[in-house]
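The values are calculated or read from the model by the stated rules, or taken from the named source; none is laboratory data. What you are looking at is a predicted structure, and each value in this text was computed from that prediction instead of being measured. Because the Cβ atoms are built from the backbone with ideal geometry, glycine has one as well, and the counts that use them run over all protein chains shown.
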Amino acid sequence: MSKLVIISNRVASAAEGKRSAGGLAVGVLDALKRQDGLWFGWSGKVEEEADNEVAFHRIGRIDCATTGLSRKEYDDYYRGFSNGTLWPAFHYRIDLSRYDKREYAGYLAVNERMARLLQPLVDPDDRLWVHDYHMIPFARACRRLGMRNRIGFFLHIPFPAEGVLRTIPPNRDLVQAMCDYDLLGFQTRGDARCFLDYATRHLGLPLENGSVLRCANGHGVRVGHYPIGILPEDIQEQAGSNRGAHLVATLKEGLQERKLVISVDRLDYSKGMVERFNAYERLLESVPSHRGKVSLLQIAPSSRSDVEGYRHIRRQLESTAGHINARWTELSWTPIRYMNRTYERAELLSLFRASQVGFVTPLRDGMNLVAKEYVAAQDEEDPGALVLSEFAGAADELSDGAIIVNPYDLDAMARALDRALGMPLAERKERHGVMLRGLREHSIREWRDRFLADLDRPSADARPT
Ligand code: ADP
């Protein structure tokens, strides 16, 4: 029987399989839970020299195969081109994106080495599903090795508008490399449209039947949008379990009846945390009745701390939180609690459930699973309200129930918080019900099934032999 092979930059270790901070890991694990397959990628280890060894482990029923990266590969491929060039530019931070052609060469070389290591593990009728911006040229590397499997690619982060993409010097090569897939999936319709705009207008490639891009080599690539989902029942069950009870009890003791606004993000400049803190302060300034009556809990485990830009945001956030707390704290009240740590999933979900407002305001985000998890974790009889950035992919699906805000507009965010904090129960229930129904209809299983069904569809092309 043919198997499904998932390829992503990072494969979770057996221990991380249980506890993991990262949308992709959560998504892949949920999607593969009921399906035989192989998960292939980097082990997370950095060695002096790459040894081309492949190690195997299992997470539940899932077979995993991993390899290490050399120090130079890590610097060029991971820290350099993936997270120093692509990540900031794809999140519209061209001020933080920098380009070094040696890093790009390293990025291409790692994709080629990974493809060579994977090749012996793949049978001709296996389907390959490649994930995210680290692996854009992976299919091209496979094709060069003669692999003719069906290969799909899903981009978890936004795909930028043409003018932004073109600031990355090898933009044309990257998009041309995407033509070696059979299916390209994006989080939102807007992302897919940006890709097609670039490919049709800038590269002059024809689009057939609205969704198949005819590439220069004659190959047809299907393009679509597949918003990644969650498993709402699973989350509801965990949030309602007593695994987080101890934490919630401690939290409530500290809050003393105050309302809780919660935000949870990896510490990343795309998440809009500084703007969020400032908007919260604007609320305290403009609506005095909230002073001493509300608390903001920001949980933000640090990430990619060896990549430029991340140390800066960390310092900026510490100083903003420090400044706001210094100005407003009273003997019995601290306005912002800011923590750099991760929690077990069930604990985190219980904290979501114990809060009155989820405050999710990225400046740009492919999807933002936290927003969806926040909704699913609520008590249906007394749900919290969600304030959500219009620039999170999740806003496309949650706009009927969330209060949608522009994260650059501090006054609008302060007004939205005020509204969320005072929202009557009936309105909260109605909004929550609408969002939860949507999340149930478009779960992560549906996401996986729809992507794989489209990967199987003949894309009206004969791959030239
Ligand atoms: P990203 O993929 O950019 O990190 P997402 O919001 O899409 O953002 O996904 C983040 C995932 O990581 C979510 O599933 C969330 O529950 C999890 N997560 C984020 N912060 C923490 C934390 N402090 N502790 C545990 N899990 C976390």
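Reported count of residues in segment 382-414, each being touching a residue at least 12 places away in the same chain (Cβ under 8 Å) and over 23 Å from the mean Cα position of the chain (by Cα), is 5. Helices (runs of 4 or more DSSP H) fully within segment 130-184 that include at least 1 residues being closer than 16 Å to Asn111 by Cα and among the aromatic types (Phe, Trp, Tyr): 138-144. Of the residues making up segment 356-375, those that are within 23 Å of Pro158 (Cβ to Cβ) and either over 17 Å from the mean Cα position of the chain (by Cα) or of a type in the set (A, V, I, L, M, F, W, C) (or both) are Gly358, Phe359, Val360, Leu363, Met367, Leu369, Val370, Ala371, Val375.
Checking each residue in segment 395-413 for being more than 16 Å from the ligand (Cβ to nearest atom) and within 22 Å of Gly185 (Cβ to Cβ) picks out only Ser399.
Restrict the check to segment 384-399 and report whether at least one residue is more than 30 Å from Ile94 (Cα to Cα) and either assigned to a loop (DSSP other than H, G, I, E, B) or outside the structural domain of Glu318 (by the TED database) (or both). Yes: segment 384-399 contains one or more residues that are more than 30 Å from Ile94 (Cα to Cα) and either assigned to a loop (DSSP other than H, G, I, E, B) or outside the structural domain of Glu318 (by the TED database) (or both).
Please pick out the residue among Arg337, Arg341, Arg311, Arg353 that is at pLDDT 95 or above, surrounded by fewer than 18 Cβ atoms within 10 Å (Cβ to Cβ) and under 26 Å from the mean Cα position of the chain (by Cα). After applying the criteria, what remains is Arg337. Return a yes/no flag: does segment 379-394 have any residue that is touching a Phe, Trp or Tyr at 6+ places or on another chain (Cβ under 6 Å), within 16 Å of the ligand (Cβ to nearest atom), more than 30 Å from Ala192 (Cα to Cα) and not β-branched (Val, Ile, Thr). No: zero hits.
Contact annotation: no residue pair with Cβ atoms under 8 Å, 6 or more positions apart or on different chains, pairs a residue in segment 135-155 that is not assigned by the TED database to the domain that holds Gly185 and surrounded by 22 or more Cβ atoms within 10 Å (Cβ to Cβ) with a partner that is at pLDDT 95 or above and of a type in the set (Asp, Glu). For segment 286-298, taking the residues that are in contact (Cβ under 8 Å) with a residue 24 or more places away in the chain and surrounded by fewer than 20 Cβ atoms within 10 Å (Cβ to Cβ), the one that is nearest to Trp333 (Cα to Cα) is identified as Gly292. Residues satisfying the criterion are absent from segment 151-164 (criterion: farther than 23 Å from Met367 by Cβ and in contact with a helix residue (DSSP H, G or I) (Cβ under 9 Å, 6 or more places away or on another chain)).
Checked against the criterion of being away from the ligand (no atom under 16 Å from the Cβ) and modelled with pLDDT under 85, the candidates Asp63, Asp36, Asp30 yield just one match: Asp36.
Do we find a residue being over 18 Å from Ser8 (Cβ atoms) and either surrounded by 22 or more Cβ atoms within 10 Å (Cβ to Cβ) or over 19 Å from the mean Cα position of the chain (by Cα) (or both) anywhere in segment 112-119? No; the residues of segment 112-119 include none that is over 18 Å from Ser8 (Cβ atoms) and either surrounded by 22 or more Cβ atoms within 10 Å (Cβ to Cβ) or over 19 Å from the mean Cα position of the chain (by Cα) (or both).
Considered as a group, the residues in segment 271-283 that are buried (at least 24 other Cβ atoms within 10 Å of the Cβ) and within 18 Å of Glu390 (Cβ to Cβ) include one that is farthest from the ligand (Cβ to nearest atom), and that residue is Ala279. Among the residues of segment 73-108, those identified as surrounded by fewer than 17 Cβ atoms within 10 Å (Cβ to Cβ) and over 22 Å from the mean Cα position of the chain (by Cα) are Tyr99, Asp100, Lys101, Arg102, Ala105.
Screening segment 299-346 for residues that are among the hydrophobic types (A, V, I, L, M, F, W, C) and more than 25 Å from Glu373 (Cβ to Cβ) and picking the one that is nearest to the ligand (Cβ to nearest atom) gives Val307.
Glu257 - would you say it is of a type outside the set (Ser, Thr, Tyr) and touching a residue at least 40 places away in the same chain (Cβ under 8 Å)? It is false that Glu257 is of a type outside the set (Ser, Thr, Tyr) and touching a residue at least 40 places away in the same chain (Cβ under 8 Å).
Scanning segment 348-376 for residues that are more than 8 Å from the ligand (Cβ to nearest atom) and among the charged types (D, E, K, R), we see that the one that is nearest to Cys194 (Cα to Cα) is Arg364.
Among the strands (runs of 3 or more DSSP E) confined to segment 37-83, the ones with at least 2 residues that are without any contact (Cβ under 8 Å) to a residue 24 or more places away in the chain are located at 55-59.
No other residue among Leu296, Leu251 is within 16 Å of the ligand (Cβ to nearest atom), out of contact with any His (no Cβ under 7 Å at 6 or more places or on another chain) and either not assigned by the TED database to the domain that holds Met413 or not in a helix (DSSP H, G or I) (or both) apart from Leu296. Scan segment 215-236 residue by residue and report those that are more than 18 Å from Gly152 (Cβ to Cβ) and surrounded by 14 or more Cβ atoms within 10 Å (Cβ to Cβ). Ile230, Leu231, Pro232, Asp234, Ile235, Gln236 - these are the residues of segment 215-236 that are more than 18 Å from Gly152 (Cβ to Cβ) and surrounded by 14 or more Cβ atoms within 10 Å (Cβ to Cβ).
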